[in-house]
Structure formats: C-alpha cells, structure tokens
Amino acid sequence: MAIRPIIVIAGVGNGSGTGGATARVFSKAGYRVALIARGADKLKKTAEEINQAGGEAAAFPIESYSYKALRDVFGTIKAHKWSAGETPEIRAALWNTGAGVRKGFLDVTEEDLQVVLDANVNGAFAFAHEVIQAFKRNQIDDLGKRGTLIFTGATASLRGNVTTSAFAAGKFALRALSQSLNKEFGKENIHVAHAIIDGGILTDLSLSRRSDEEAAKAWKENADIRLDPESIAKSYLYLANQDRSAWTWELDLRPAHEKW
Ligand SMILES: NC(=O)c1ccc[n+]([C@@H]2O[C@H](COP(=O)([O-])OP(=O)(O)OC[C@H]3O[C@@H](n4cnc5c(N)ncnc54)[C@H](OP(=O)(O)O)[C@@H]3O)[C@@H](O)[C@H]2O)c1
C-alpha cells in the first residue's frame, strides 16, 4: 500500500507566518497537513484555504501548549479519518510556537513564565514525544530516514537581551531539546533539526507592530531586511528532503542585509 506523508505543525497563528507557510509548502509537496494551534476559527480558516487549493489539511485546536493538551491532541490526530487511498503516516513535524513575552526582567510574572514554559518546554516535550513514537513505527524511506522533526528558533536561541529574559530562556531550552534529540535519535534514522530565524519575519502581527503605515509598507516591500515565511518554509522542506548521509542539525536563516 502506498504511503502518503503527514506533516504535523504546532503554532499556526492566523496563517500568515511560518506555521501557515510551512503548511502550504508541504501541502504542495504532497503532504497531508495536521494543524495544531490555539484559536479554533483561525486554524479552521487556514485548513480550509489549503483544502480549497487542492491539498488535504485538518485543524486540531487546543486550549494551551500544556503537556497534557499536546498529548491529548495526538489522540485526536491518530483517530482522524484522512481521505481514502494511500496510508497516512506522520513523516514530518514542526514545533513552531513562540511565546511573545518581551518585557524587563522585573516585570516578568509567574503567568508569563508558564506561557514560556508551555511553548518551549512542556508542550515541546510532549509534541516531540508523540512525534518520535510515531516516527519509530515508520519504515526507513528512500532518503534513509523515518521522519524529520524541526523546531523554530530565533536570534534569542543564542543571545539574551534587555527584554528577552523569559523569551530567550525558552528559546535556549528549545534549542537544547532539539540538539539532545538529534543526538539520541539520529542512530534510529530520525532527523531532528533546529532553525535559528535571525531577523524579523513578515507576518500580519509583525507588520502591525511597525511605527506607522509607511514604515510597514517599506518593510514589507524590502526583501533585503525581513524574512518571507514562504522562504523559511522552503528551507524546512529542504531539511525534510535531506538524506541521512548529510543532514543538518542547525540551520540559521537571515535576510541578505541583516546587520550582524
Ligand atoms: N516574527 C518574527 O519576527 C520572528 C523572528 C524570529 C523568530 N520567530 C519565531 O518564529 C516562529 C514563527 O513565528 P511567526 O512570527 O512566523 O508566526 P506564526 O508562524 O504565525 O507562529 C507563531 C506561533 O507562536 C504562537 N504564540 C504566539 N504567542 C504565543 C504565546 N504568548 N503563547 C504561546 N504561543 C504563542 C502562536 O500560537 P497559536 O498558533 O496558538 O496562536 C503562533 O502560532 C516562532 O517560534 C517565533 O518565535 C519569529
């Protein structure tokens, strides 16, 4: 029986960022798409757009990125009836959540910390646990692997700064998780990768944060100074297509004119 791969993506926002773009790029490459995020309506809309474009996507909303919520949602994903035909198999996964806590250290609350811990540790551990269990059941494919698990990082995965004590602590933890999983499961032909996104990503939210309409327009139109989510997604597809003789643990992506 032919296999049809599934990608599971956690963290999709309103579909305009990296999570949504990854869903569309993998869908065009033949993957079925399982979307996990908070906010059922936004998620349903992203899934519907993919289905209308000829792909196959399903929405799996959750209340939070807690350990339990992630473990439970995989039960729903496993029970989901995909269209008849090829056998569905989870072959790729993306942990893309980003807890946007940016404030001075003395203002960080216990609630902020819980959000950061869920988005980068608790939920990420549960997600990785479920994905790796699923990969372990897969046969080795033509690329010599059982599956690819990707984590989205940020500049803050490597560098703390004045308002990022919580955000960077979370992203550092996520990077450490991805590196440990890469070492532990590489020998089982499971590919774990981490992407440092070292620059601003063009999304509806990041556009809304520009100082005024003119600044937003200039930033949107200049591909030298911000990352396009679709370009990031194409790099994720490249990671999933790498064979086991030369695969990447860490990729860093930045726009051409990023000052570093
Ligand atoms: N935007 C940037 O400039 C930028 C730069 C470097 C790195 N990154 C990283 O890139 C990834 C993708 O971001 P994106 O900007 O392209 O948007 P995106 O793909 O739409 O995804 C961002 C996701 O993070 C989740 N999220 C946001 N705030 C959260 C919070 N307070 N608690 C828990 N989860 C939260 C959202 O979850 P729901 O889907 O549940 O709403 C959203 O899906 C994130 O990991 C982000 O940290 C972003």
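Sorting L143, L227 by accessible area puts them as L143, L227; the probe is 1.4 Å, largest comes first, and only protein heavy atoms count.
Between the Cα long axis of helix 40-52 and the first principal axis of the chain there is an angle of about 60°, rounded to the nearest 10. The heavy atoms of V162 offer some 120 square angstrom of accessible surface to a 1.4 angstrom probe.
Per-residue accessible area (protein heavy atoms, 1.4 Å probe) orders L106, L177 as L106, L177, starting from the largest.
Rolling a 1.4 Å probe over the protein heavy atoms gives the chain an accessible area of 50 Å² per residue. Within the chain, what is the longest stretch that has no trypsin sites (Lys or Arg not before Pro) placed in a DSSP loop and near at most 14 other beta-carbon atoms within 10 Å? Segment 1-80 is the longest.
Here region 150-260 has 50 percent of its accessible surface on carbon and sulfur atoms, given a 1.4 Å probe and all protein chains in place. With the convex hull of the Cα atoms taken as the outline of region 29-77, the averaged projected area works out to 3.5 nm².
By the Stokes-Einstein formula, at 0.890 mPa s and 25 °C, region 62-144 with its Kirkwood radius over alpha-carbon pairs has D equal to 165 µm²/s.
When Rg and Dmax are taken over the Cα atoms of the chain, they come to 17.8, 58 Å. Candidate cross-link partners of K145 among the lysines, defined by an alpha-carbon separation under 27 Å and a same-chain spacing of 8 or more, comprise K28, K78, K81, K136, K171, K183, K187, K234. The angle between the Cα long axis of helix 229-240 and the longest principal axis of the Cα atoms of the chain comes to about 40 degrees, rounded to the nearest 10.
Largest GNM mean-square fluctuation across S231, S66, S83, computed for the chain with C-alpha springs under 10 Å, falls on S83. Start at zero, step by 10 Å, and the Cα-Cα distances of region 125-260 spread as 11, 35, 32, 17, 5, 0 percent across the bins. Accessible-area rank, largest first, for E214, E49, E56: E214, E49, E56, with all protein chains present and a 1.4 angstrom probe. Quick check: the angle from helix 123-137's long axis to the longest principal axis of the chain, C-alpha only, nearest 10 degrees? Helix 123-137 sits roughly 20 degrees off the main axis of the chain.
The values are calculated or read from the model by the stated rules, or taken from the named source; none is laboratory data. Since the structure is predicted, the reported quantities are computational estimates derived from the model, not experimental observations. With ideal geometry, Cβ positions are generated from the backbone for all residues, glycine too; neighbour counts draw on all protein chains shown. Just the protein is used for accessible areas: all its heavy atoms, side chains included, with ligands, DNA and RNA removed. Shrake-Rupley method; radii C 1.70, N 1.55, O 1.52, S 1.80 Å.
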